[in-house]
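Undergrad: Below is one structure. I have some questions about it.
Just so you know, all these numbers are worked out from the coordinates, no wet-lab data involved. Computed from a predicted model, the values in this text were never measured in an experiment. Glycine also receives a Cβ, built like all others from the backbone with ideal geometry; neighbour counts cover every protein chain displayed.
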Amino acid sequence: MNLADLTQMVLRPIGFLGLWASILLIVDLWIPKDRKTITGWLTLLGLASTAIVVAYTTGEDPVAMGGMVKADGFAYMLYYIFLLVAALTVLLSMSYIEKNNIERGEFYSLILFATIGMMGMAMANDMIVVFVALEVLSIPLYVLAGYLRGKAESEESAMKYFLLGAFASAFLVYGIALVFGATGTTNLEAISAAIEGGAANRAYLYGGIGLILVGLGFKVATVPFHMWTPDVYEGAPSVVTAFFSVGAKAGGFAALLRVLYVAFEPVTADWAPVIAILSALTMIFGNISAITQTSIKRMLAYSSIAHAGYILMAGVAGGQGALTDFAASAAAFYLVGYAFTNMGTWGIVMAVEKEANTNNEIASFAGLGKKRPMLAMAMVVLMLSLTGLPPTIGFVGKFYIFTAAIDAGYMWLALVGVVTSLISAYYYLRVIIVMYMQDGDVEADLPWTLSLAVGLTTIATFVFGVIPQSLLNIGNDLISGIF
Amino acid sequence: MFLQVLTATLTAVTFFPLLGVLVLLFVPNEREDTIRWIAIGTALITFVISLVMLGQYNAADPNMQLEVLLPWMNFGGGSTIGFHLGIDGISILLVLLTTFLIPLAMFGSWTGITERVKEYYIFFLLLEVGMIGVFLALDLFLFYVFWEFTLVPMYFLVGIWGGKQRMYAAIKFFLYTMAGSILMLLAIMWLGIHQGTFDVVELIAKGGIDPSTQRWLFLAFAAAFAIKVPMFPLHSWLPDAHVQAPTAGSVILAGVMLKLGTYGFVRFNLSMFPEASLHFAPLMATLAVIGIIYGAIVSYPQQDVKKLVAYSSVSHLGFVMLGLFALNEQGIQGAILQMVNHGISTGALFLLVGMVYERRHTRDMNEYGGLWTVMPVYGTLMLIVSLSSMGLPGLNGFVGEFTILLGAFGSEALGSNIYAIFAAAGVILAAIYMLTMFQKMFLGPVTNEKNKNLEDLNWRELVVIIPLLVLIFWIGLYPAPFFNLMGASVDQLTASLDAVTAVALR
């Protein structure tokens, strides 16, 4: 690899965003303290222009840096998801960080750097890139989790996330080392070839796969590596939690699918049952634990664990061989749906939240149906979407992913999926009950940027639930014949 | 093409209420009467559109008519999902029943609902969209969308405007019905993948699912429908939901929503899985008969009138199920007519109970007595509706139940008279509990001081009840037009079922 590689076409999106983030850090120094929203708008501009760069890069030769990265259609699909999530996060955070006196320029840059990490994970074609990208994603998130200075629970959240995250990274590195020991390479395609060639030491290989699963399982919060999630989600600033729960998860899944289906494809039959069981356990534990929560942030934390289980289902749905286009598109579509729905939901949580991390009880939503009918209606749509009921994008996503699972012969997993969706109906409906059927004096604070974010996500949740074809086409076109 | 779809009769009848919702959103909350008129007007226009649909419908043609078909979504490689609506003899009466009952139920809740009026009527109109959609949808995905969607407005209607235990009842209703639906969802996805289409018409034409797989699919669909009907032993959500729901909610719940389940059995189970239907017919008929007897026996000791009517629904829907699983022409025709009858009679009963509840705010039968002398018009109407409900010849209930019993007697699929014999006992039991109720509430001297000065029905209440009464007599005395509407389609269905039966019995 030499410096000339860095100018390769396919690296332009990530390079562009990196440059933007770095320049933004400097530009921010000249933006007066009381007008930091300007930085926010500049960030949005950067994200939007990156999306345009991505659109113009599509179709270029995907392999770059001597085969270490491979930015194919799957990666592009995920880029759009990451950029969307980052943009919604920025929109949500403008009023939030101002209200909570944590308005500092580097907040936005940290979000951009984390987004770059996610993009790296989506295009990784080498274990080293997976690891580096994971760290680029994680380190800004550790900082962001502790961004509410002086609040003990925010500091606790950052500390926990950092310690456990470092631990998980260690697992991942150890796994990579074992796989390297078994196959003599870190390149995903070369690993696959080595396994097929029969040269790989099976004990090292399986040990390595297991440890990699632990490391990435931690990032996407699958059971039994999910223990950190509720505490971290509860303590972190709500807007950061929203970013974690969708962005970091999507990044983790991108890497997981790639590592499993590119590097370890020859031994699919051996690890697929493990993923299936992890998926089932995640859906079951996530949904059952969510039932008893009284804090909306904790409830949504468990809900996000449960959703990790649903997405993981697509990882199995490749089934007995290569990941089908069908399953990969299902996973991508589900992530889009989850992004819209979950970001909207967190937006409403922030509207009801008075100051950071207060008024986070589900009970604090009482009376919202009377006081803010539009906001409550939006929450109803979002809750139905999280449950997976029509006519919302959450339903189409679940339908897609369950169909993929049945297509691959995993009827039992689809059964677990629908039964746990039923369980989830109970706690999502409880929010609706509290809003409409109990009296209370909730006060919602809705600055226009927040309203815009909530409005856009809710409309998208509903509209793409009724006419999803345009969105489906993007996925179907980009993801075809990749795995 | 898009405009064509939008203006098609079936699209119009399904989605017209949304227009009303849209208008209502812009009416200020305080103008309650305006809101009521807009909502009722919307429902009435929807009814008129459904009459236009009836005019365009050709009863002699057994196939789907007035079809609307638009490709909707494609998951890439998988089967295409279509926006497919259509009507035939099996669904037309149920659509008409829906559009007919909704404005009456809305008009009936004029004085009953005084809080959050706008939201109430919005949810009501949304409910109408969902229910009509269920009856018209011919694509499994679309059907499921409408099917699940009906839960949401009903959940709000019970949960916000219901009685004391409303939250419990609402969530129980929601989770119970969703529990059944999710199994159906799995079966729908399986069909889409393995049969290559979600289109109901294509699926029926294609057939060819091997019998052992059919049984699983049958059971998965049946889980959803049996809970909705509700069949014994899956009925326990019904009394709670009915007792807690506001009057109009109960009317629609009993009048239309329960029929979504029985309709599902005819449209999907009998048509798509004929072999499995034959296999499970004795089991379904047994459960139906148990439901008939059980519902009747449990109705008898109830003190709460609404609960009595609720349990009587379990009994009446048992008749419908028995007729369907007789798997012959008489049985199925009787069952479809009985669905309509039950909607009319039970709808009227709930409305009448609601009227006296608005006056006294109790539904305990012991609180009443001798009402006939105080409210003669009300008493007379109640008597007629009760008689209709228990199946007195000359009124609508008799025609349905009698045809069903005939069907069950001659059923080759059931192969035994024993079902019909036990079911007939249910008719007698119905007379016992209905007349006991009538006696307790209306006959004898006025014992309770509070009942002495009750006002008889006013013009608004009469306007609500009289259309129902007209139908009670019409169907009772001259049911031929109703049978004609469904005849051709039912013939076609039974012909295919007969073929299967003939093979099995050979």
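Undergrad: Tally up the residues in the stretch B:1-33 that are among the charged types (D, E, K, R) and surrounded by 14 or more Cβ atoms within 10 Å (Cβ to Cβ), please.
TA: 1
Undergrad: Pick out, from the stretch B:140-210, the helices (runs of 4 or more DSSP H) lying fully within it that include 2 or more residues that are farther than 21 Å from A:I432 by Cα.
TA: Values: elements: B:140-149, B:151-161, B:166-194, B:200-206.
Ranges flagged: B:140-149, B:166-194, B:200-206.
Undergrad: Restricting to the stretch A:156-195, count the residues that are outside any helix (DSSP H, G or I) and more than 13 Å from A:V259 (Cα to Cα).
TA: Summing the residues that are outside any helix (DSSP H, G or I) and more than 13 Å from A:V259 (Cα to Cα) in the stretch A:156-195 gives 2.
Undergrad: Which of the residues that make up the stretch A:209-236 are over 21 Å from A:L144 (Cβ atoms) and assigned to a helix (DSSP H, G or I)?
TA: Matches in the stretch A:209-236: A:I209, A:G210, A:L211, A:I212, A:L213, A:V214, A:G217.
Undergrad: Check every one of the helices (runs of 4 or more DSSP H) wholly within the stretch B:1-108 and list those with 2 or more residues that are over 19 Å from B:Y263 (Cα atoms) and within 14 Å of chain A (Cβ to nearest Cβ). Walk me through it before giving the result.
TA: Working: elements: B:2-7, B:9-25, B:32-56, B:89-108.
Ranges flagged: B:2-7, B:9-25.
Undergrad: Further, regarding this structure: Answer yes or no as to whether B:F141 is surrounded by 22 or more Cβ atoms within 10 Å (Cβ to Cβ), in contact with a Phe, Trp or Tyr (Cβ under 6 Å, 6 or more places away or on another chain) and within 21 Å of A:L415 (Cβ to Cβ).
TA: Criteria met by B:F141.
Undergrad: Another question, then. Being at the interface with chain B (Cβ under 9 Å from one of its Cβ atoms) and outside any helix (DSSP H, G or I) is the requirement here; does A:L472 meet it? So that I can check it myself, show each step before the final result.
TA: Values: at the interface with chain B (Cβ under 9 Å from one of its Cβ atoms): yes; outside any helix (DSSP H, G or I): no.
When the stated conditions are applied, A:L472 does not pass them.
Undergrad: On to the next question. I'm trying to understand the selection: among the residues of the stretch B:215-264, which are under 13 Å from the mean Cα position of the chain (by Cα) and outside any helix (DSSP H, G or I)?
TA: The answer is B:V229, B:P230.
Undergrad: Scan the stretch B:162-179 for residues that are buried (at least 23 other Cβ atoms within 10 Å of the Cβ) and more than 10 Å from every other protein chain (Cβ to nearest Cβ) and report the count.
TA: So the count comes out to 3.
Undergrad: Let me ask something else. If a residue must be surrounded by fewer than 22 Cβ atoms within 10 Å (Cβ to Cβ), touching a helix residue (DSSP H, G or I) at 6+ places or on another chain (Cβ under 9 Å) and in a helix (DSSP H, G or I), how many such residues does the stretch B:360-379 contain?
TA: Going through the stretch B:360-379 one residue at a time, the tally reaches 9.
Undergrad: Among the residues of the stretch B:193-215, are any within 12 Å of chain A (Cβ to nearest Cβ), in contact with a Leu (Cβ under 9 Å, 6 or more places away or on another chain) and either within 22 Å of B:F268 (Cα to Cα) or among the basic types (K, R) (or both)?
TA: Yes.
Undergrad: Count, please, the residues in the stretch A:430-483 that happen to be under 24 Å from A:V239 (Cβ atoms) and touching a strand residue (DSSP E or B) at 6+ places or on another chain (Cβ under 7 Å).
TA: Matching residues across the stretch A:430-483 total 0.
The rows are residues; the columns are (1) more than 14 Å from chain B (Cβ to nearest Cβ); (2) within 29 Å of A:Q469 (Cβ to Cβ); (3) in a helix (DSSP H, G or I).
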{"position": "A:A254", "(1), (2), (3)": "yes, yes, yes"}
{"position": "A:A276", "(1), (2), (3)": "yes, no, yes"}
{"position": "A:A290", "(1), (2), (3)": "yes, no, yes"}
{"position": "A:I305", "(1), (2), (3)": "yes, no, yes"}
{"position": "A:S329", "(1), (2), (3)": "no, yes, yes"}
{"position": "A:Y338", "(1), (2), (3)": "yes, yes, yes"}
{"position": "A:I348", "(1), (2), (3)": "yes, yes, yes"}
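Undergrad: Further, regarding this structure: Which condition number in (1) closer than 28 Å to A:E153 by Cβ; (2) buried (at least 24 other Cβ atoms within 10 Å of the Cβ) is the one that A:Y310 fails?
TA: (1)
So that you can scan it fast, the table gives a plain yes or no per residue for (1) of a type in the set (F, W, Y); (2) farther than 25 Å from B:Y311 by Cβ:
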site	(1), (2)
B:S388	no, no
B:G394	no, yes
B:I428	no, no
B:Q439	no, no
B:F442	yes, no
B:D456	no, yes
B:W459	yes, yes
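Undergrad: Tell me, which residue of the stretch A:413-430 that is more than 23 Å from the chain's Cα centre (by Cα) and in contact (Cβ under 8 Å) with a residue 40 or more places away in the chain is farthest from the other protein chains (Cβ to nearest Cβ)?
TA: Here the answer is A:R430.
Undergrad: Can I ask one more? Confirm whether A:V466 is in contact with a Phe, Trp or Tyr (Cβ under 8 Å, 6 or more places away or on another chain) and either within 14 Å of another protein chain (Cβ to nearest Cβ) or surrounded by 20 or more Cβ atoms within 10 Å (Cβ to Cβ) (or both).
TA: Taking the combined requirement at face value, the residue does not satisfy it.
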